[in-house]
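Undergrad: Structure provided below as structure tokens; questions to follow.
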Amino acid sequence: MAMSKTGSQRLFHVIIVGASIAGLTLAHCLSSTSIDFTVLEARSDSFSDGAGLAILPNGARILDQLGLYQDVLDQGQCMVSHSTWFEDGRLLRRVGARQIRSLGRTNYPVIIISRRVLLGIIYARLQRRTCVFFNRRVYRIVSSPQDVTVYSADGSSVSGDLVVGADGVYSTVRTQMWHHIKNVDDASTRSHRLSEVPLTDAFAGVFGISQSIPGLERGNVHRTYGHGWSTIIMTGADSKVFWFIAIARTGTGQSMPRRSSDKACLAGVVEPLLEKHVTFNVKFGEVFNHAESCILVPLEESFQTRWSWNRFVGIGDAVHKMTPNLAEGANCAMESAASLANHLSSFSRGSTSLYTQERLGSTLKIWEDSRKRRMKSLFFVSQCAVRIEATTSWVLRLLQKFLGLFHAMGIGLLTDITSRTARVDHLPLPLRKDAERVPRNKEQGPEWILQLSTFPLTATVSLIFYVLHAVGM
């Protein structure tokens, strides 16, 4: 498979590696432009079950622009309340969805949905599904000043103007990009002394889907703080229970395998937690015993120093991998896809002679720098959240109670739409009934309010982490 280069006005061609939420969202965004694209996915055409996730207003607005939101709303479950518990069944705080001002302001509720269902919706509604190829595991990428060629294990190859890594935390595109960077002869590139940021996994994660459980009502989200662990439990449509546990690898005295989907093996991992409460009258053992599927994986964290280079670029988990505690992973992936599409749409206007590597690299750098500003903040909050919620430190356990008093404000700030929240610029904003209409040039207000409101928390958490690091806790 190769791209035709006949004609002086050929379409700009983007090769998307990974039919992920980020990859398929980018394909949707490009479908309404004059940009050609090809999606290469390593898996077969059936999407795995995955886990549950939450669609927040920043992701919902993009889905709405792409004409996907109603399907997601119909097949998902709107959040009714968010409760935070201690492991002995004591309630720290319960916040009703109506108490979260940002949800009313945007008129986008938090939607609980399975990853498999969301991917199915995004793929089924893609008009150019003939551009998506499954069983195409990428193993090599060759870039030149003229184009980039992507080689798959089945012997096929495709050439284009840009390759996008939407292939997750172990991104082949990212690895190949750094391979090219390290082998380039440009001494000025070496002078930056940048290198690929290694993944860290201070926490293990167990994800599962369970059958209906009495006491866990549809639309309710439960978060539990334990000693060296934390859980998030969401009850979705058909009373399906999606759950996640973060377990600290150090400080708990527990050894565990890195990966496993064997329930007998996982039973040993979660055995110390079976009698712990996830609500006042539901213990984790009930959730685990009703599990239809579950898997143990490392909870990788990474914020890459470089997201793009020449004809390479990464989006989603390939460049900003967070733990699931904020429920922002899928939503930020959609934001990155939409914002990249905005820049590529502007870049591709004009004649083919303007598709130069130098100009493309400059465009991608502008996109990367603007996107990093928002993602750095969310990545830091994510780091803080998982460490506070699953701490073994008595200092941070005190902080748990302090933060619990401001849950409604915290959720509201994290789910609000501001001037830095990406959208698809070339598509109109849907008219949401009862939503507050804020002109784009006046959206800056919530952003400085967010910064001002979170400054005391950021300063407090930063100081605590500095002290804990200094004393070796």
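The values are calculated or read from the model by the stated rules, or taken from the named source; none is laboratory data. On a predicted model such as this, the values are computed, not experimentally measured, just so you know. Positions of Cβ are generated from backbone atoms using ideal geometry, with glycine treated the same way; all protein chains shown enter the neighbour counts. Keep in mind that these areas ignore ligands, DNA and RNA; they rest on the heavy atoms of the full protein, side chains included. Shrake-Rupley method; radii C 1.70, N 1.55, O 1.52, S 1.80 Å.
Undergrad: Determine the pairs where a residue that is more than 18 Å from Gly329 (Cα to Cα), located within the range 104-132, has a partner that is among the basic types (Lys, Arg) and open to solvent by 50 Å² or more (accessible area, probe 1.4 Å) with Cβ atoms under 9 Å apart, the partner being 6 or more residues away or on another chain.
TA: Cβ pairs passing all conditions: Gly104/Arg98; Thr106/Arg432; Asn107/Arg432; Asn107/Lys433; Tyr123/Arg129.
Undergrad: Test Tyr139 against the stated conditions and say whether it is within 22 Å of the chain's Cα centre (by Cα) and either among the β-branched types (Val, Ile, Thr) or open to solvent by 70 Å² or more (accessible area, probe 1.4 Å) (or both). I'd like the intermediate steps shown before the answer.
TA: Values: within 22 Å of the chain's Cα centre (by Cα): no; either among the β-branched types (Val, Ile, Thr) or open to solvent by 70 Å² or more (accessible area, probe 1.4 Å) (or both): yes.
Answer is no for this residue.
Undergrad: Return the total of residues in the range 341-375 being within 30 Å of Ala246 (Cβ to Cβ), open to solvent by 60 Å² or more (accessible area, probe 1.4 Å) and modelled with pLDDT of 90 or more.
TA: Start the filter on the range 341-375 by keeping residues that are within 30 Å of Ala246 (Cβ to Cβ), which leaves 368, 371-375.
Now drop any that are not open to solvent by 60 Å² or more (accessible area, probe 1.4 Å), which leaves 373.
Among the residues that remain, those that are also modelled with pLDDT of 90 or more are: none.
Number of matching residues: 0.
Undergrad: Follow-up question, since we're still on this one. Specify which of the listed residues (Ile209, Ile247) is among the aliphatic types (A, V, I, L, M), open to solvent by less than 10 Å² (accessible area, probe 1.4 Å) and either touching a Cys at 6+ places or on another chain (Cβ under 8 Å) or outside any loop (DSSP other than H, G, I, E, B) (or both). Can you show your working first?
TA: On the way: Ile209 fails: open to solvent by less than 10 Å² (accessible area, probe 1.4 Å).
Among Ile209, Ile247, only Ile247 is among the aliphatic types (A, V, I, L, M), open to solvent by less than 10 Å² (accessible area, probe 1.4 Å) and either touching a Cys at 6+ places or on another chain (Cβ under 8 Å) or outside any loop (DSSP other than H, G, I, E, B) (or both).
Undergrad: Let me ask something else about it. Scan (1) in a strand (DSSP E or B); (2) under 21 Å from Arg93 (Cα atoms); (3) open to solvent by less than 10 Å² (accessible area, probe 1.4 Å) for the single condition Met234 breaks and write down its number.
TA: Result: Met234 passes all but (3).
Undergrad: Here are some conditions: (1) in a helix (DSSP H, G or I); (2) modelled with pLDDT of 95 or more; (3) not hydrophobic (A, V, I, L, M, F, W, C). Thr279 meets all but one. Which one does it not meet?
TA: Of (1) in a helix (DSSP H, G or I); (2) modelled with pLDDT of 95 or more; (3) not hydrophobic (A, V, I, L, M, F, W, C), only one is false for Thr279: (1).
Undergrad: In the range 16-63, which residues are closer than 30 Å to Gly350 by Cβ and charged (D, E, K, R)?
TA: Asp36, Arg61
Undergrad: Which ranges mark the helices (runs of 4 or more DSSP H) fully within the range 376-473 that have 1 or more residues being open to solvent by less than 50 Å² (accessible area, probe 1.4 Å) and at pLDDT 70 or above?
TA: Passing ranges, in order: 394-404, 407-415.
Undergrad: Please go through (1) surrounded by fewer than 20 Cβ atoms within 10 Å (Cβ to Cβ); (2) within 22 Å of the chain's Cα centre (by Cα) for Ile113 and return the number of the only condition it doesn't satisfy.
TA: Against the list (1) surrounded by fewer than 20 Cβ atoms within 10 Å (Cβ to Cβ); (2) within 22 Å of the chain's Cα centre (by Cα), Ile113 comes up short only on (1).
Undergrad: Scan Leu216, Leu266 and give me the residue that is assigned to a loop (DSSP other than H, G, I, E, B), touching a residue at least 12 places away in the same chain (Cβ under 8 Å) and not polar (S, T, N, Q).
TA: On the way: Leu266 fails: assigned to a loop (DSSP other than H, G, I, E, B).
So the residue among Leu216, Leu266 that is assigned to a loop (DSSP other than H, G, I, E, B), touching a residue at least 12 places away in the same chain (Cβ under 8 Å) and not polar (S, T, N, Q) is Leu216.
Undergrad: Of Ile366, Ile417, which residue is free of Cβ contacts under 8 Å to residues at least 24 places away in the same chain and under 23 Å from the mean Cα position of the chain (by Cα)?
TA: Details: Ile417 fails: free of Cβ contacts under 8 Å to residues at least 24 places away in the same chain.
Among Ile366, Ile417, only Ile366 is free of Cβ contacts under 8 Å to residues at least 24 places away in the same chain and under 23 Å from the mean Cα position of the chain (by Cα).
Undergrad: Which residues, counting only those in the range 22-56, are more than 18 Å from Gln75 (Cβ to Cβ), surrounded by fewer than 24 Cβ atoms within 10 Å (Cβ to Cβ) and in contact with a Leu (Cβ under 9 Å, 6 or more places away or on another chain)?
TA: In the first step, residues of the range 22-56 are kept if they are more than 18 Å from Gln75 (Cβ to Cβ); the result is 22-23, 26-27, 29-45.
From what is left, the residues that are surrounded by fewer than 24 Cβ atoms within 10 Å (Cβ to Cβ) are 31-36, 38, 42-45.
Of everything in the range 22-56, those that are more than 18 Å from Gln75 (Cβ to Cβ), surrounded by fewer than 24 Cβ atoms within 10 Å (Cβ to Cβ) and in contact with a Leu (Cβ under 9 Å, 6 or more places away or on another chain) turn out to be Ser31, Ser32, Thr33, Ser34, Ile35, Asp36.
Undergrad: Starting from the range 375-404, keep only residues that are within 18 Å of Arg249 (Cβ to Cβ) and touching a residue at least 40 places away in the same chain (Cβ under 8 Å), then list their pairs with residues that are of a type in the set (A, V, I, L, M, F, W, C) and open to solvent by 70 Å² or more (accessible area, probe 1.4 Å) whose Cβ atoms are within a distance under 6 Å, requiring at least 6 positions of separation or different chains.
TA: Note: pairs meeting the criteria are Ser393/Met473.
Undergrad: Looking only at the range 67-94, filter to residues that are crowded, with 20+ Cβ neighbours inside 10 Å and among the aliphatic types (A, V, I, L, M); which one of those is farthest from Glu275 (Cα to Cα)? I'd like the intermediate steps shown before the answer.
TA: Of all residues in the range 67-94, those crowded, with 20+ Cβ neighbours inside 10 Å come to 68-69, 76-77, 79, 82-85.
Now restrict to residues that are among the aliphatic types (A, V, I, L, M): 68, 79.
Details: Leu68: 41, Met79: 26 Å.
Taking the candidates together, the pick is Leu68.
Undergrad: Then there is this: So how many residues does the range 134-147 have that are over 14 Å from Asp36 (Cβ atoms) and in contact with a strand residue (DSSP E or B) (Cβ under 8 Å, 6 or more places away or on another chain)? Give the derivation first.
TA: Our first condition is that a residue be over 14 Å from Asp36 (Cβ atoms); within the range 134-147, this holds for 134-146.
Subset that is in contact with a strand residue (DSSP E or B) (Cβ under 8 Å, 6 or more places away or on another chain): 136-143.
Final tally of qualifying residues: 8.
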